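The values are calculated or read from the model by the stated rules, or taken from the named source; none is laboratory data. Everything numeric here is computed off the predicted structure, so don't read it as measured data. Neighbour counts run over all protein chains shown; Cβ positions are idealised from the backbone, glycine included. Remember, those area values only see protein heavy atoms, side chains included, never the ligands or the DNA or RNA. Shrake-Rupley method; radii C 1.70, N 1.55, O 1.52, S 1.80 Å.
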Amino acid sequence: MNTMNNTIPQKPSFYQFFVYWLKLGFISFGGPAGQIAMMHQELVERRRWISEHRFLHALNYTMVLPGPEAQQLATYIGWLMFGVRGGIVAGVLFVLPSLFILSGLTWVYLSYGEVDAVAGILYGIKPAVTAIILFAAYRIGSKALSNIVLKVLAVLAFIAIYQFEIAFPYIVLIAATIGFFGAMMSPDTFTVGAHHGGSKSDYGPALIDDDTPTPEHAKFKWSRLVSFALIGVGLGAAMFVLLTDPVLNNMAEFFTKAALVTFGGAYAVLPYIYQGGVDQYQWLTSVQMMDGLALGETTPGPLIMIVAFVGFVGAWTKEIFGPEAQFLAGFAGAAVATFFTFLPSFLFIFIGGPGVEATRGDLKFSAPLSAVTAAVVGVIINLAVFFAQNTLWPSSNEFDVIAALIGIVAFVALFRYKVGIMTVIAVCAMLGLGLTLV
């Protein structure tokens with residue numbers, strides 16, 4: 001039970017703001033569901049920098065965007081509080097620590113991945129990852145699917161993507177259309193705030209409260225829209241021109257496409273990255289891709305940071321700087337993948353944010369977002385099935401009973417006993433290591 005505080009919190013200094021996002025960058029484990037929960041607990045409940053309604057309105061917008069919703073939410077809140085500099089600080093610090101941590105872990109993996117101990121740890125983590133994805137579907141679904149219509153939408157989205165392999169952008173478009181017209185017939189069915197842990201609890205007045213006017217820097221102006229578009233496209237084009245290596249060029253192009261055409265957050269983007277990285281460009285193998293996801297789950301930051309792993313392994317494998325500079329090549333690949341994946345996310349917030357602020361309370365805008373969120377649940381379940389197949393059937397006809405048991409134990413620990421994600425990963429890693437040594 002929260003104790004209400006009726007005093008309006010003092011606006012933090014930019015230094016205090018910077019320190020918070022830097023800290024979050026190092027402790028934001030648990031994938032998008034966990035990171036969103038952390039931000040809600042800290043920014044809405046404890047610090048009261050933003051009200052729950054404003055937080056959820058921003059979250060609904062980021063859920064419908066292509067790219068990582070948790071990082072975009074951080075950027076949005078930072079932008080709302082301190083303008084462009086706040087958005088850049090929040091968004092960059094959300095991913096920067098994981099870039100360096102994951103690059104270091106990838107180097108260890110590539111250098112010593114054949115060591116039995118490392119293989120054993122990854123063997124234990126992989127089924128835990130499948131359980132975590134299933135738990136994420138439960139976490140989001142239990143809050144987003146507040147009525148039978150939204151539950152049916154989630155089921156239909158799963159069938160569409162799993163059975164008929166319909167591309168997720170089309171699923172988003174169909175769901176948004178259903179939400180738009182459905183709200184005309186039954187507004188309560190698609191009312192915003194009935195999901196994402198939307199609580200009616202009052203934590204006291206917030207710095208950016210429900211009725212706080214939109215700050216001047218967050219109001220729509222054509223000059224700002226054009227300026228942000230030109231600067232963003234210019235930055236991307238300049239970086240692309242500077243990349244003379246064909247492998248890095250391909251990475252820049254591929255990860256820009258991934259950022260623009262993949263909807264539904266990190267879990268929905270992974271199959272696309274798998275297809276491009278493994279099948280199309282052959283930067284890494286399917287086994288390495290699964291190992292990369294396992295490593296991504298053990299590091300802070302968005303799960304989409306697996307792009308850094310893919311970029312690192314690809315540039316390392318292709319030896320773009322020669323056999324003597326594989327680590328430098330790997331880090332260059334990781335940095336390029338990260339830059340081009342996240343650049344569009346900042347543009348979506350700086351360009352689209354003013355419009356989102358202007359539509360608060362407008363059902364015509366919020367209802368399609370509620371329907372899309374329901375569809376995302378179905379896509380996450382599809383991804384859980386995808387990784388379960390790769391983990392539990394490592395060969396075409398041999399079911400891995402031990403991996404299945406580890407996955408079941410991990411899910412029960414998360415669901416029934418509310419064990420933390422990092423604890424589950426650590427225990428499963430030790431189980432895998434113990435099985436290997438025995």
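Couple of notes before you dig in:
- Any hit, region 124-139, residues being modelled with pLDDT of 85 or more, of a type in the set (S, T, N, Q) and either within 17 Å of Val409 (Cβ to Cβ) or open to solvent by 20 Å² or more (accessible area, probe 1.4 Å) (or both): no
- Condition broken by Phe365, with the remaining ones in (1) modelled with pLDDT under 95; (2) under 14 Å from Tyr76 (Cβ atoms) satisfied: (2)
- Only one of the numbered conditions (1) under 19 Å from the mean Cα position of the chain (by Cα); (2) surrounded by fewer than 21 Cβ atoms within 10 Å (Cβ to Cβ); (3) without any contact (Cβ under 8 Å) to a residue 40 or more places away in the chain is not met by Leu73, and that is (2).
- Those residues of region 140-153 which are surrounded by fewer than 24 Cβ atoms within 10 Å (Cβ to Cβ) and assigned to a helix (DSSP H, G or I), in sequence order: Gly141, Ser142, Lys143, Ile148, Val149, Lys151, Val152
- Qualifying positions in region 21-40 - open to solvent by 10 Å² or more (accessible area, probe 1.4 Å) and at pLDDT 85 or above: Leu22, Lys23, Phe26
- All of (1) in a helix (DSSP H, G or I); (2) modelled with pLDDT of 85 or more hold for Arg48 with one exception: (1).
- Subset tally (residues that are at pLDDT 85 or above and surrounded by 14 or more Cβ atoms within 10 Å (Cβ to Cβ)) for region 174-209: 14
- Being in a helix (DSSP H, G or I) and either modelled with pLDDT of 95 or more or of a type in the set (Gly, Ala, Ser) (or both) is true of Gly355.
- Of the criteria (1) within 13 Å of Thr106 (Cβ to Cβ); (2) open to solvent by less than 40 Å² (accessible area, probe 1.4 Å), which one Pro300 fails: (1)
- Residue within region 322-332 that is within 28 Å of Ala128 (Cα to Cα), touching a helix residue (DSSP H, G or I) at 6+ places or on another chain (Cβ under 6 Å) and surrounded by 23 or more Cβ atoms within 10 Å (Cβ to Cβ) present: yes
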